[in-house]
1. Tell me, which residue of segment B:203-253 that is within 23 Å of B:I138 (Cα to Cα) and among the aliphatic types (A, V, I, L, M) is nearest to ligand 2 (Cβ to nearest atom)?
2. Part of a helix (DSSP H, G or I), in contact with a Lys or Arg (Cβ under 8 Å, 6 or more places away or on another chain), assigned by TED's automatic domain parsing to the domain that holds A:A429 and not β-branched (V, I, T), is that true of A:A799?
3. Give the residue, chosen from A:S697, A:S793, A:S753, that is hydroxyl-bearing (S, T, Y) and closer than 30 Å to A:G335 by Cβ.
4. Give B:G75, B:G46, B:G58 a once-over and let me know the one that is more than 9 Å from every other protein chain (Cβ to nearest Cβ) and either hydroxyl-bearing (S, T, Y) or farther than 23 Å from B:V25 by Cα (or both).
5. All but one of (1) within 16 Å of ligand 2 (Cβ to nearest atom); (2) within 12 Å of chain A (Cβ to nearest Cβ) hold for B:P111; which doesn't?
6. Scan segment B:16-47 for residues that are out of contact with any Asp or Glu (no Cβ under 6 Å at 6 or more places or on another chain) and either within 16 Å of ligand 1 (Cβ to nearest atom) or under 14 Å from B:T61 (Cβ atoms) (or both) and report the count.
7. Among the residues that make up segment B:146-157, is at least one of them among the hydrophobic types (A, V, I, L, M, F, W, C) and part of a loop (DSSP other than H, G, I, E, B)?
8. For B:L69, state whether it is within 16 Å of ligand 2 (Cβ to nearest atom), farther than 19 Å from B:L227 by Cα, surrounded by 13 or more Cβ atoms within 10 Å (Cβ to Cβ) and within 14 Å of chain A (Cβ to nearest Cβ).
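The values are calculated or read from the model by the stated rules, or taken from the named source; none is laboratory data. As the structure is a prediction and not an experimental result, all values here were calculated from the model. Because the Cβ atoms are built from the backbone with ideal geometry, glycine has one as well, and the counts that use them run over all protein chains shown.
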Amino acid sequence: MLRTILAGLRARTARLVLSSVAIALGVAFVSGTMVLGDGLRESVTDEFSKSSRGVDVSVGVDHQNSDAEGIPRGVAEQISTVQGVAGTDVRGYLHVALLGGEGKARPAVVAPLAKTESLREFDVIEGRYPTAANEIAVDERTATTSKLGIGGQVELLNEQQEKRSFTVVGTYRQGTSLLSLSGSDHVVLLPESLEQLDPGVLYDSVVVAGDGSVGQEALVAAITSALGSGGYRIETGAALVQQDLAFVEQNIGDITTVLLGFAFIALVVSSMVIYNTFTILVAQRTRELALLRCVGAGRGQVFRSVIAEALAMGLFASLVGLFGGIGVSAALQWGLARSTGGEADVRIPVEPVTVIAAFAVGVLVTLVAAVLPALRATRVPPIAALRSQLDSNDDVARTGRLRVAFALLLLVGGVALAVLGTGQKGEQAMLISGAGCMLVLIGVLVLGPLLVGPINRVLGVVPRALLGVPAELAAGNASRNPRRTAATTSALLIGVTIVSTVTVLASSGKETANAQVDAEFPADYNVTSSLYDQVLPQDLVTQLDDLPEVEEVSAAAYLSVELQDEQFAYVTAVEGDAIGGLVNPTIVAGTLDSLADDEVVLSESAARRTGLKIGDTYEVRGSSRADAADAPAPTKPLTVVAFYEGEAFYDGLVALPTARALKPELERGYERVMVKLADGVDAAAGRAAVQRVTDPSPIAVLDSAAETKAQLSKQVDQLLGFMWALIGLAVLIALFGIANTLSLSVLERTRESALLRALGLTRGQLRLMLVVESILMALMGAAVGLVLGIGFSWVLTTALSSDNIPLTFAVPYGQIGTMLVAAVLAAVLAAALPARRAARTSVVAGMAEG
Amino acid sequence: MSAVVSETGTIGTRTAVAAGSLVKVYGKGDTAVRALDGVSVSFEAGKFTAIMGPSGSGKSTLMHCLAGLDDVDSGTVHIGSQEITGLSDKELTKLRRDRVGFVFQAFNLLPTLTAQQNVLLGLELAGRKPDQEWFDTIVDVLGLRDRLRHKPTELSGGQQQRVACARALVSRPDVVFADEPTGNLDSRSGAEVLDFLRMSVRKLGQTVIMVTHDPNAASYADRVVLLADGHLAGEIHNPTADSVLSALKNLGA
Ligand SMILES: Nc1ncnc2c1ncn2[C@@H]1O[C@H](COP(=O)(O)OP(=O)(O)OP(=O)(O)O)[C@@H](O)[C@H]1O
Ligand SMILES: [Mg+2]
């Protein structure tokens, strides 16, 4: 039997190569996703572990048993005298404003430089660490964004607005920590310099490096007794590492889940392609298998030969796919690093579970895919199989009633769940509606063979009208074996459904964010303070108002007030006469022309929460000055005049004088100034004029609505790009599935093609026929996938939408169109090889083919 | 139909297909097979000619070359007055579509199309409108009227071959080539197909060239051309099953 198997393998090289590639691609996708997940985890773990490297003992505040807000540096000195301690350093940070090359203040975090070299959590990239009080090292990202180079000057502003100047002596790379993830600028100073910025600074922890004479546990004991009882949490470095790892697990868990989700999609899609390919392959061999049986091979022998062949192929292709997957993962990491502008940190850890998954997918799926058709093939009496005309509709789906009933059940259940979900709130709504969508997708897949005919008829109309007979033949071919066509297209259907759901959701999110920006920023420009605890000076408003290029200026401030009955609200304060101009709430009840000193407008949700009605007057309590905390808080009676919808102004709107009465600190200035340019003023000239006023102020930051939107879009697009790359692979496999089915069908229909050629179909027409068939199949998957995807994203946006955050449903027609065009182009590509092969076969040779 | 009969008489002297010194070699060197080794033969228009000979004598090869399905190594083929050797694939395709009809032994029909669509396929490819009267005549003569909407899998082997015959004739080709059209049929179905082919020649004025193994089938023809080892080995006019059988015996088949 072995010789027959080998001979068979040799004789069917083309078909075997096709199915091997299908398996290899599937395995590559699954293993690639897994390697990518492990790689990301490894790199994050490494980054986090920088903070625990060299640490033998860490001393922090025991917040459960102590009210202390931090540790003074004296404690570090105290610990350094303990036996067995080689060095101690403080860790913590200070918020400051950083004035870099651009003269603009940016919020920054200052960390103290560890004096013990082994305790430093940063790696120097260029230059060196500061050694003198007037030296500073900056994080490499900060250096890029603030345009700082070695030798440059940096000023830091403390809370008291005192400036101190430093010379940049080096750049470094931070390990990943909560701080670095926050994206703030980051610099290090000697601890002494840091304490000059804030003399009363308290640190988060003291880290200790031992001299190796005692173990970590002994060191902990020694330090505990040295510090005396209470108030400290003293841990070994090993425990710190454990905590870091646990933290990584907790935080990277989401990413891993997402990647596993992709791996699962990959698994499903690849399994479908492999299964389909193998089913066709064995179906085509039914006659050959029957012949083997006629010449005396037992049923078991034939069955075993098919399985052995599948096994050999699965093993070989899995191996190829595993290596391919590692390559894909490396390429993705490289691309990701490039797109975010970071240093490429390519890691390809191959865990045993990855190898197991790869072979499980490659070998098991292939085996299962081979067993079912092989069983079917060997069950047929050999003579019947020999006689049957295999290249006709031998396998036409007589889709049973059971299938329809099952599909309908899924569809009805899915729609019901989706509708139910839209009535729920938040995460629950998402889960219920999401499950509903999933059921609908499965229902459509189950119903697939039944849908092929009608959809094909609709899609076939245009090519038939344009291209005549070859298109007509193609449409017939595309639906001649509905089960096969459905299986071929469902992989693509799944891919496109997911891609379009994600894309429409992303676009809806962008649109929602833009709408929010528009509501918040009806102005051309916004001037805000870069430091959250410092306001923009009053005269900035006057200066801006004096500009000829500026038509209108409106200042805004934010304050927290206490409504009656201990109900707190965060409200926006604006100029009373800016209403209808730069401040444009959507009024849903009451009337609002301009806001008087004793009036308040509430958001709908705040009104509902407090039960206040229009016309109610009530006493509002503000807050007293920080430097006179004991003085009674100011109060003011306010009348509710209107309600507005949305969250753009938080809970309510008051006039600025009202705000100043309730929050005396606002006398110093505003938190935001909105600027509207005069009609006909060129955007560049307008910006330049505004900038002349804002530039001298170290804290004034100029933002245009357009810039804010662009910033938001870029973030969403980056995420979307990553998703596209991952799901794109699934779509690629699906398209390969189409190419595969087409190639196999072409082989199967050699005689038919020859007959057509004899009857007068030209080579070009034959090629055209296959291309149209491929396009029809691709469009079937893509069109149904798009309809489902758009429907699902509509359900999900509706489910997630709430009164507070109304989500806008926005279909990105451009991107959807691109997807369809891409599907058609890919289909043409998929048909290229099979079409070439079919057209090349001579008529006589084709007729002779068995 | 009498008008048609007299018409065949007038064009009976015209040559429909002619081959001159045809040579077709398969393979190279030691394994080369001269499937056709200098065959010169012509086929009269409006006549039913059978090509016979032992297995491997080159019958199918000759037919493929005559029909422009295969290229020749040397020699010429004319269909009507047009020389087809040396035509490009595109020109040959167009020629087949417009001027030649085919009936093969099996796999004559496209499984995705109904009987009617199969019959009209060649015309559609050529972008020609079917002649409704002619179509009706053929369909009725072949008894296919109530089978037109069926798919090939729903037809018997004999019915399938009759559909193939209808398709070959519906475009009024200059010549119909049939390669063992009854090879897969029982004797009754075979007789039906052969009757029709003969009728299409006698009554409808068609030209038919048929390859067959069966002396009985050959007896339906006006003339039998005998092939052996790629050579012409004689011919029989107005053959009967017996005369064909004895001629074949002489060839050593
Ligand atoms: N594609 C080919 N390659 C090589 N040799 C071929 C090829 N086709 C035919 N031959 C050879 O050419 C010769 C003639 O073949 P052909 O098919 O014309 O015979 P035939 O008379 O139709 O036989 P049969 O009655 O068995 O159909 C045979 O010897 C055959 O082996
Ligand atoms: Mg033959």
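1. In this case the residue turns out to be B:V211.
2. no
3. Unique residue meeting the criteria: A:S793.
4. B:G46
5. (1)
6. Final tally of qualifying residues: 17.
7. So the first thing to find is which residues in segment B:146-157 are among the hydrophobic types (A, V, I, L, M, F, W, C), and the list is B:148, B:155.
Subset that is part of a loop (DSSP other than H, G, I, E, B): B:148, B:155.
For segment B:146-157, residues among the hydrophobic types (A, V, I, L, M, F, W, C) and part of a loop (DSSP other than H, G, I, E, B): present.
8. Details: within 16 Å of ligand 2 (Cβ to nearest atom): yes; farther than 19 Å from B:L227 by Cα: yes; surrounded by 13 or more Cβ atoms within 10 Å (Cβ to Cβ): yes; within 14 Å of chain A (Cβ to nearest Cβ): yes.
Yes: the conditions hold for B:L69.
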